[in-house]
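Below is one structure, written out as structure tokens, with a few remarks after it.
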Amino acid sequence: MNKFSIAIDGPASSGKSTVAKILANAFNFVYVDTGAMYRTVTYLAIQHKIEFSDEDQLTELIRRYPISFKQTKEGQLVFVEGEDITQAIRQADVTAAVSEVSAHRKVREELVEAQRRIASSGGVVMDGRDIGTVVLPKAEVKIFLVASVQERAERRHKENLERGIESDLESIQTAIAQRDYLDSHREVSPLLQADDAIRIDTTGMTIEAVVSEIKDIIHQKGC
Ligand code: CDP
Ligand code: CDP
């Protein structure tokens with residue numbers, strides 16, 4: 001099978017990582033969760049008491065503390081300096097600050113370079129906000145997932161409850177809408193559908209239906 005690349009972009013909770021992991025398994029590709037990379041810098045900034053506005057210090061954190069992913073039966077784990085931070089980077093304090101941190105040009109340059117390095121030999125499914133537009137503009141398959149903000153908030157809420165995390169639907173919806181706004185309106189690499197990306201509105205769709213539609217697209221492209 002050809003080692004093509006799949007870029008999946010879209011707003012929070014549109015189903016990117018769920019679908020990306022299933023596709024990576026199906027094609028035996030590497031899955032790269034770029035959101036986890038921006039979350040890791042944000043987590044490190046909180047740990048090291050660095051201001052979210054301090055672009056140079058944030059960039060220095062990326063250089064000093066390289067992130068690594070480990071594939072396990074339970075899913076993908078995120079490590080920094082041997083510490084498993086998979087759960088920690090999903091906490092509310094990180095989520096609340098990640099859009100501010102990820103808006104810095106130097107932070108993005110540093111992480112985009114790392115992402116391109118990982119993807120350089122192909123056979124990759126990468127999800128994020130700027131994969132089809134900036135990170136992998138030549139990706140053979142580009143998907144842009146969307147869903148109504150209500151449904152996305154409900155998905156996150158359900159996920160939290162299943163994980164035993166305290167959750168309030170209304171505040172999740174407000175936080176998602178705010179993050180959508182910040183991610184779409186920043187100056188550097190905003191969340192944007194690439195001209196050659198295929199948009200799928202997943203409102204009311206099951207995960208299986210979304211995966212099946214993407215597999216059809218891949219097939220039609222002859223990859
Ligand atoms: O999983 P969820 O949709 O909550 O977000 P994520 O994919 O973990 O991304 C967290 C944040 O990182 C986003 O809200 C963006 O601010 C930033 N991000 C980005 O700027 N560019 C990317 N390629 C991926 C994430
Ligand atoms: O990565 P992203 O933030 O775009 O979303 P996700 O973490 O893959 O999906 C958020 C939640 O929505 C997960 O609990 C998925 O199981 C769920 N989901 C869903 O219910 N229906 C879909 N079509 C896609 C995702």
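Laboratory data are not the source of any read-out in this text; all were calculated from the coordinates shown. Predicted model, so just to flag it, every value in this text is computed and none were measured. Note that we place each Cβ from the backbone using ideal geometry, even for glycine, and neighbour counts take in every protein chain shown.
The helix-based estimate of mean residue ellipticity at 222 nm for the chain, built from -39,500 (n - 2.57) per DSSP H run of four or more residues and divided by its residue count, is -15500 deg cm²/dmol to the nearest 500.
Which percentage, to the nearest 5, of the DSSP beta bridges contained in the chain is antiparallel? Intermediate values should be presented prior to the final figure.
Details: 8 of 25 bridges.
Taking every DSSP beta bridge within the chain, about 30 percent pair in antiparallel fashion.
Label zone of Gln193 (point 7 Å out along Cα→Cβ, amide N under 14 Å): in the stretch 9-28 this covers 9-11.
Going by average Cβ density within 10 Å per residue, which order do the peptides 97-105, 75-83 take, highest to lowest?
On the way: 97-105: 21.0, 75-83: 14.0.
So the peptides 97-105, 75-83, ranked by packing, come out 97-105, 75-83.
3J(HN,Hα) along the stretch 195-210: 4, 9, 8, 9, 8, 10, 8, 8, 4, x, 9, 7, 4, 4, 5, 5 Hz, from the Karplus curve 6.51 cos²θ - 1.76 cosθ + 1.60 with θ = phi - 60°, whole Hz, x for Gly and Pro. Our coupling estimate for the stretch 137-143, obtained by passing each phi through the Karplus curve with A = 6.51, B = -1.76, C = 1.60 and θ = phi - 60°, is x, 9, 4, 5, 10, 10, 10 Hz, Gly and Pro reported as x. Residues in the stretch 48-58 carry Karplus couplings, in order, of 9, 6, 9, 4, 5, 8, 8, 4, 5, 5, 5 Hz; the curve used is 6.51 cos²θ - 1.76 cosθ + 1.60 with θ = phi - 60°, and Gly or Pro positions show x. Two numbers describe the Cα atoms of the stretch 1-95: Rg and Dmax, which are 14.7, 47 Å.
Can you give me the relative contact order of the stretch 1-136 as a percent, contacts being Cα pairs under 8 Å and 6 or more apart? Can you show the working numbers first?
Working: 172 pairs, mean separation 62.3, N = 136.
Result for the stretch 1-136 is 46 percent.
Projected onto planes of every orientation and averaged, the convex hull of the alpha-carbon atoms in the stretch 87-154 covers 6.1 nm².
Near the amide H of Tyr31, within less than 5 Å, lie the amide hydrogens of Val125, all on another chain or at least 5 residues away, with H placed in the peptide plane. Just so you know, the averaged projected area of the alpha carbon convex hull for the chain sits at 11.8 nm².
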